[in-house]
Amino acid sequence: MSSILTLANLLTVLRLILIPVFIMTLYYQRFIWALVVFFSAAITDGLDGLVARSFNQKTQLGEILDPMADKLLLVTAFITLSLPRFTFTDPVPFWLTATAISRDVFIVLGALVINMTTGFSNFRPSLPGKINTFVQIFMIVFFLTANAFHFVSEFLPIAYYVTFVMAVFSGFHYIFHANRLMSEHHNQNQK
């Protein structure tokens, strides 16, 4: 039990707990608080990995919870901020929300199908995938800043297009990345 209750896993659980708090701040249009809560949750994303590596606290639970918490935080933010009721500015465009979520759904379904058909499960994040997550987090922080402080909103469309391009690029890159990982795994098993 103690190997499950690591500081790294507790930081991941904190990120999960902050998701409903984030939604409540948006519901009541407390955008400064929403920005603080979302930014805090995003910081725990970097910290839990750092703590796990630095203090040798990598666990199977953490390997499952961490990406799940990341995706849940971002999907929740995209969906909620796409609803006009929750923003002062125009909401996040639906096409961007659909692209960001679809990319993750395709990756997860693809990994599931590959795992079920070949047994391969050693999918590691790619550098473009990590950059994509950072860009999405930055875009949400930028959007919340525009709503909290009523400035820089004229630059939001640029942030949307950069986020869109990165989501598409990283999605296509992951197809080649997963193929390379499977080839390496296959070659190692033949030796």
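The values are calculated or read from the model by the stated rules, or taken from the named source; none is laboratory data. For clarity, every value in this text was computed on a predicted model and none was experimentally measured. Because the Cβ atoms are built from the backbone with ideal geometry, glycine has one as well, and the counts that use them run over all protein chains shown. Note: areas computed on protein heavy atoms with side chains; ligands, DNA, RNA excluded. Shrake-Rupley method; radii C 1.70, N 1.55, O 1.52, S 1.80 Å.
Before moving on, here are some points about what is shown:
- Residue, modelled with the highest pLDDT, within segment 27-60, restricted to residues that are open to solvent by 100 Å² or more (accessible area, probe 1.4 Å) and of a type in the set (D, E, K, R): ARG30
- With respect to (1) among the β-branched types (Val, Ile, Thr); (2) in contact with a helix residue (DSSP H, G or I) (Cβ under 9 Å, 6 or more places away or on another chain); (3) open to solvent by 60 Å² or more (accessible area, probe 1.4 Å), the lone exception for VAL92 is condition (3).
- The residue of segment 169-191 that is farthest from VAL135 (Cα to Cα), among those that are small (Gly, Ala, Ser) and touching a helix residue (DSSP H, G or I) at 6+ places or on another chain (Cβ under 8 Å), is ALA178.
- Residues that are of a type outside the set (Val, Ile, Thr) and farther than 21 Å from LEU73 by Cβ were ranked within segment 141-156; the one that is surrounded by the most Cβ atoms within 10 Å (Cβ to Cβ) is SER153.
- All of (1) at pLDDT below 85; (2) surrounded by 15 or more Cβ atoms within 10 Å (Cβ to Cβ); (3) under 19 Å from GLY129 (Cβ atoms) hold for ILE64 with one exception: (2).
- Subset tally (residues that are touching a residue at least 12 places away in the same chain (Cβ under 8 Å) and open to solvent by less than 100 Å² (accessible area, probe 1.4 Å)) for segment 157-180: 14
- Unmet requirement for PHE138, which otherwise passes all of (1) within 30 Å of THR25 (Cα to Cα); (2) among the hydrophobic types (A, V, I, L, M, F, W, C); (3) crowded, with 16+ Cβ neighbours inside 10 Å: (3)
- Residues in segment 67-81 that are under 18 Å from ASN132 (Cβ atoms) and either free of Cβ contacts under 8 Å to residues at least 60 places away in the same chain or acidic (Asp, Glu) (or both): PRO67, MET68, ALA69, ASP70, LYS71, LEU72, LEU73, VAL75, THR76, ILE79.
- Within segment 26-48, the set of residues being under 25 Å from PHE106 (Cα atoms) and either charged (D, E, K, R) or in contact with a Lys or Arg (Cβ under 9 Å, 6 or more places away or on another chain) (or both) comprises ALA41, ALA42, ASP45.
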